[in-house]
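Below: one structure, written as structure tokens.
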Amino acid sequence: MMNFGNLEFDSFRGAQECDQASAFGGDFDFGHSCFTHYGCPSDMSDRASRGRGNPTSSRIPRCAQSPRRAPVAHSPRPSCAFRPIFHERTTHEDDQVLTQQLWKLARKSGTLNLSNKALARVPERLYDINEADADSKAVNLEQLTIKEEDAWWNQVPLNNLDLSSNTLTHLSPKIENLQSLTVLTLHDNALLELPPEIGKLEKLMRLNVSHNKLSQLPREIYSLPELRHLNISYNEFNELNPDISDLHMLEFLDGGHNNIQSLPGGIGFLVRLTALLLPYNHIKELPPDLVNMRSLQKIDLMQNDLTCLPEDMGLLRKLECLYLQHNDILELPEFEGNETLSELHASNNFIKTIPKAMCSNLPHLKILDLRDNKITELPDELCLLRNLNRLDVSNNTISVLPVTLSSLAHLISLQVEGNPIKTIRRDILQCGTSRILKTLHERALAKAKEEGGVADEAFTSAGISVTRLRAGQSDDGDMPGNFPDRYKLRHTRTLAVNLEELNEVPDQVFQIARDEGVHVVDFARNQLSTLPNGLQHMKDLVTELVLSNNVIGYVPQFISQFTRISFLNLSNNLLNDLPTEFGVLNTLRELNIANNRFQFIPNCVYELKGLEIFIASENHIKMLNVSGLQSMPRLSTLDLRNNDIETVPPILGNLTNITHLELVGNPFRQPRHQILMKGTDAIMSYLRDRIPT
């Protein structure tokens, strides 16, 4: 409790009271007991100091009644203009957003960014930006010679307009004046409808109207001849207009997070579509002509009400990623013909079995997610998914794990928790993937010995190569032991020998593989110290070469002779450099050198003009050569996690072709970890903002 025993209470002077009343807005009554007893709060500190310095000053006991005071005449409230912080935007305020500096920059570059400006209306002046203004026309010849870049004939028509993250509720029909637009970004507004005049933007290629309040698009939009990218996600659509099939050039369609009940017939006419994204809707079935969209690479139908898939899904031969989580699917098709499928996500459904034929039809599948289903048994044929990296069957009713899983040389993640598995001890299951696979492999070997050196019947029935269990015996007279026979080579076009502790491979093996037309070679998880010389026999055939998890210390120069190779995996070896001749591999699309001993990215890598995916994580790379990366126009995925990179040059943000960037686990301070976790777009935007001007 405060002690006011030493405070001196004098009567207020009139001038003081007027000042205090004015300071508090003129509405406070300083005759109130709170003020008359203790004095004005702002006066307490001064009076207290004076009271302590004068011991003879009069004191008022704490319990004493305060003296009455005469009413004080208050000064009138000062009149001042008051403007609230939050108020409705006026047209004048919106027009001021388009400053002269932004105007000139847009006229020079053809790009105008008015995002996040709190616009309630589009500045009227914007619709005339492609017209020569009076100032530029009035400039005389002498002025133009000094600053010719401002001349109207040197200005670029507006082709990229960003009005995102504002409060727009409508667009003016004058949008038709912007005939040169190729990109129109309107996401994160409050748009209720779009004007029909938007259909006159015949050059428009990208339209993003996500995160608005749209329930339909004007029919004129479906006549846009060049539209390739359409994003209508996070709106209020109940259906897709059948006229959408008229967008013959469309390559990307995102209609996620709406209330779409079904897809219109005729959607199969979108033959150029590569990505169909419709998550978080209420679609119950897919139209039969969906399989006519032969260019589809990605389909996202998660969080819908699907019960089945078209039986002829195999017609989508370019399909790479399929997302079906959280539906009501009862069974999976056999996917015959979907050889390029690399990711299948079907968790949280009602699937009971895994089709055996599916396993043999998906040789390139890397991720299989079947968690939270009703699966009771895993087929032995799972071992045919030779490229499988991740298998998630957790929270099912599986009681036995097939020993054939141990032959999956590239399996790094096996999730089986939440199953009533009785054949493997709980402590082994808790140790993770490596321990589980080791246990299964030991059991497979033990069973083979019990049968007198004959391969395990489970392996044989699944059709995999198990000659490693035959103690050197061979089904074919001219094929060395421990290698697949001619029939298997001819049938699969694949030479795969894993977990054999091989330190060399006879030339004869590659000669036979060449004769059988093999184009995929996989010697992962062996003890090879370099590339086998016999590989040169297949230099004109090999398209995929996997040599991960060996002890390779150098790559010979003859690698440059592989004129058709598109995929090369050299991860988990002992490499610290690549030969100069490596740069001539123009057909290479994906290169994986993760978990080696590289301290820098070899210069020959920057010569790979066709490279799209470059994985170099888990090395000791210390710096980024942005100029080298700029010479790789097709590079879209760059993975440099867990290296020793100390700085990230801001100009890296200008490499717009990179759509997936991984930099976590490096010692640099900027960008911060929080930004890295937001994804590639956030990283690139952060870097671009820090480029010196």
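The values are calculated or read from the model by the stated rules, or taken from the named source; none is laboratory data. Predicted model only: the values in this text are computed from it and were never measured. All Cβ positions, glycine included, derive from the backbone under ideal geometry; neighbour counts span all protein chains shown. What goes into the accessible areas is simple: the full protein's heavy atoms, side chains included, and nothing from ligands, DNA or RNA. Shrake-Rupley method; radii C 1.70, N 1.55, O 1.52, S 1.80 Å.
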For residue 190, placing the label point 7 angstrom along Cα-to-beta-carbon and taking the range 212-250, residues whose amide nitrogen sits under 12 Å are 213
Using a Förster distance of 35 Å, how high is the FRET efficiency between residue 558 and residue 647, based on the Cβ-Cβ distance and rounded to 0.05?
-> 0.40
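Using the structure shown, list the pairs from 284/352; 108/678; 108/609; 203/609; 284/374 with a Cα-Cα distance above 27 Å, or answer none.
Numbers: 284/352 20 Å; 108/678 32 Å; 108/609 31 Å; 203/609 30 Å; 284/374 20 Å.
Violating the 27 Å Cα-Cα cut-off are 108/678; 108/609; 203/609.
Charges at C-beta only: +1 for Lys and Arg, -1 for Asp and Glu. How large is the resulting dipole of the range 193-348 about its Cα centre, in Debye rounded to 20?
Using Cβ point charges on Lys, Arg, Asp and Glu, the range 193-348 gives about 560 debye.
With every protein chain left in place, what is the accessible area per residue of the range 556-675 in square angstrom, probe 1.4 Å?
45
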If the cut-off is 22 Å between C-alpha atoms, which lysines fall inside it for residue 488, apart from same-chain ones fewer than 8 positions away?
-> 356, 366, 539
Amide N proximity, the range 237-271 versus residue 282 label position 7 Å along Cα-to-Cβ, cut-off under 18 Å | 237-241, 255-264
Between residue 682 and residue 664, what is the label-to-label distance in nm when each label sits 7 Å out along the Cα-to-Cβ direction?
-> 1.1
Stretched out fully, how many nm does the piece from residue 589 to residue 202 gain, at 0.36 nm a residue minus the Cα gap?
-> 135.9 nm
Reachable lysines from residue 200, Cα under 21 Å, same-chain residues fewer than 8 places away excluded?
-> 174
Residues in the range 184-203 reached by a label modelled at residue 93 [backbone nitrogen below 19 Å; 7 Å Cα→Cβ] = 189-191
